[in-house]
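Written out below as structure tokens is the structure these notes cover.
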Amino acid sequence: MTEIWLIRHGETDWNRARRLQGWQDTPLNAHGANQARRLAERLDEDARNGGFDALYSSDLQRTLHTAEPAAARLDLPVRPEPGLRERCYGVLEGVTMDRLDIEQPEAAAAWKSREPDRPLDGGESLRQFHNRIVATIDDIAERHDGGRVLVFTHGGVLDIVWRHAHGIPLTHPRDAALLNAGVNRLAVENRKWHVMGWGDVTHIATLSADDIV
């Protein structure tokens, strides 16, 4: 069995603006950087009860910069993994949620439909995204069988993990908490997934967007 701790990146300005990020390489804002620091402190404490064997991150800067403070505290190299990227939203990337239907009506309809094989202009279908994430997580689990691994990734990836672990169809609306800098624990054994804990943000619960250091 491999224990995988999946962590969504810290906050970005695009998160606040409710702008679809996808593969756009957006940076953390100051609040997100603070979240990353608090997260690193928490993971350092967790490691005293059993270390981490490896640390992987999506290769986009918002995840890499969330991972780096933890990597420094834990003395682990960051292993960039493109397979952990957010879904590619194609022409929808950079558009705010309230403008999707106005600026890209056809692509917005495809995205909202949740039809797994419906093409998304310039992006990935939902099934393509699902298959990429499942294959990447299974590969990481097999590389570190019996170990405990950190994975820094994105909200859409966490949604796929939640669904796959619980057998929830891709067509079902999202119902999982996908929290910035939250800790989500997954057990993987023989390609069977089990959620051990989800949406833990106790380490940043008292941190406000005004706490800029």
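Normalised per residue, the accessible area of the range 2-200 is 44 Å², obtained with a 1.4 Å probe and no contribution from ligands, DNA or RNA. All Cα-Cα separations within the range 30-99 were binned at 10 Å from zero, giving a P(r) of 19, 40, 28, 11, 2, each value a whole percent of the pairs. Solvent exposure of Thr136, expressed as accessible area, is near 20 Å², computed with a probe of 1.4 Å over the protein chains only. Helical content alone sets the calculated 222 nm signal of the chain at -11500 deg cm²/dmol, taking -39,500 (n - 2.57) per DSSP H segment of four or more residues and averaging over every residue. Coupling constants for the range 9-23 follow from the phi torsions by the Karplus curve (6.51 cos²θ - 1.76 cosθ + 1.60, θ = phi - 60°), and in residue order they are 4, x, 5, 10, 4, 5, 4, 4, 7, 6, 10, 5, 9, x, 8 Hz; glycine and proline get x. Surface listing: Arg8, Arg143 arranged by accessible area from highest to lowest gives Arg143, Arg8, probe 1.4 Å.
For Leu120, the amide hydrogen comes within under 5 Å of the amide hydrogens of Ser125, counting only partners 5 or more places away or on other chains and with H modelled in the peptide plane.
Shown in residue order for the range 157-165 are the 3J(HN,Hα) couplings computed by the Karplus curve 6.51 cos²θ - 1.76 cosθ + 1.60 at θ = phi - 60°: 5, 4, 4, 5, 4, 4, 5, 5, 5 Hz (x for Gly and Pro). Using alpha-carbon pairs under 8 Å, 6+ residues apart, how would you state the relative contact order of the range 1-137 in percent? The normalised contact order for the range 1-137 reaches 24 percent.
For Gly10, nonlocal amide neighbours, meaning residues 5 or more places apart or on other chains whose placed amide H falls under 5 Å from its own, are Thr66, Ala181. The apolar share of the surface of the range 154-213, taken as the fraction of accessible area on carbon and sulfur atoms (1.4 Å probe, ligands and nucleic acids excluded), comes to 52 percent. Its relative contact order, with pairs defined as Cα atoms under 8 Å and 6+ residues apart, puts the range 108-213 at 20 percent. Look at where the Cα atoms of the range 102-130 and of the range 1-80 average out, and the two centres are 27 Å apart. Phi-derived couplings, Karplus 6.51 cos²θ - 1.76 cosθ + 1.60 at θ = phi - 60°, listed residue by residue for the range 90-95: x, 5, 7, 5, x, 9 Hz, with x used for Gly and Pro.
The values are calculated or read from the model by the stated rules, or taken from the named source; none is laboratory data. Model, not experiment: these values are computed from the prediction. With ligands, DNA and RNA removed, areas are computed over all heavy atoms of the protein, side chains included. Shrake-Rupley method; radii C 1.70, N 1.55, O 1.52, S 1.80 Å.
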